[in-house]
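Single-structure report; data block below.
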Amino acid sequence: MLGTSACSALIFTASASAHISVDPNRVVTNQLADVTFSIANADDPLEVDHVTLGIPTDFDLDDAEAKPGWVQSRTGQAITWSGGRIPKGQYATFSIRGTAPAKAETVLFNVLVGNRTGKTTTYRVPLEVLAHGPRDSGARSLGRAALIVAILAGAVALGALFLGLYLWLRPPPP
């Protein structure tokens, strides 16, 4: 009997790789994060008509995207969008905003995707929480380079202005 339950659980808990993607897939601890889930309807001819995001308890949920044509409800750490449609072969995005957990870890979002018959598939979608954001020395270097170019361009423009004034104000040749 236990083997049958385990098999049933595997049928209803699917890999997120084929049907759901998350962007970004990494956030920084204690930082405000906008996270978007792309939900694909690869093969359900009945259309996806409800999506529920189960938010990990240590992710501090602020709000969720309002989607035209969908009704949104919130119960604790879960957001449900219902009444809309994702036709077969198409996808839709669902976004949330909140504060990332305080510690570096991988958190799992439970994403329930269902059709109008009540059939629901649960996906476990990981989000990596990093202790520190990537160091972007490249952006700082580009910023410094842009400042140097702007200063040089200003100096050239100023030189051109002085040359023009000199040529305009000098006395005509005899």
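The values are calculated or read from the model by the stated rules, or taken from the named source; none is laboratory data. Predicted model, so just to flag it, every value in this text is computed and none were measured. Cβ: placed from backbone, ideal geometry, glycine included. Neighbour counts: every protein chain shown. Remember, those area values only see protein heavy atoms, side chains included, never the ligands or the DNA or RNA. Shrake-Rupley method; radii C 1.70, N 1.55, O 1.52, S 1.80 Å.
Numbers at a glance
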read-out: Carbon/sulfur fraction of accessible area - the stretch 30-174, other protein chains in place, 1.4 Å, %; value: 60
read-out: Signed unit charges on C-beta, dipole axis of the stretch 20-174, positive-most listed residue Ser73, Leu61, Leu147; value: Leu147
read-out: Cα convex hull of the stretch 45-122, projected area averaged across orientations, nm²; value: 5.5
read-out: Set of aspartates and glutamates near Lys67 by C-alpha distance (under 20 Å), chain-local residues within fewer than 8 positions excluded; value: Asp23, Asp34, Glu47, Asp49
read-out: Sum of side-chain charges, Thr120 neighbourhood, beta-carbon under 12 Å (Lys, Arg +1; Asp, Glu -1); value: 0
read-out: Cα point-scatterer Debye curve for the stretch 31-174, base-10 log of I(q)/I(0) at q = 0.11, 0.12, 0.15, 0.18 Å⁻¹; value: -0.59, -0.64, -0.83, -1.02
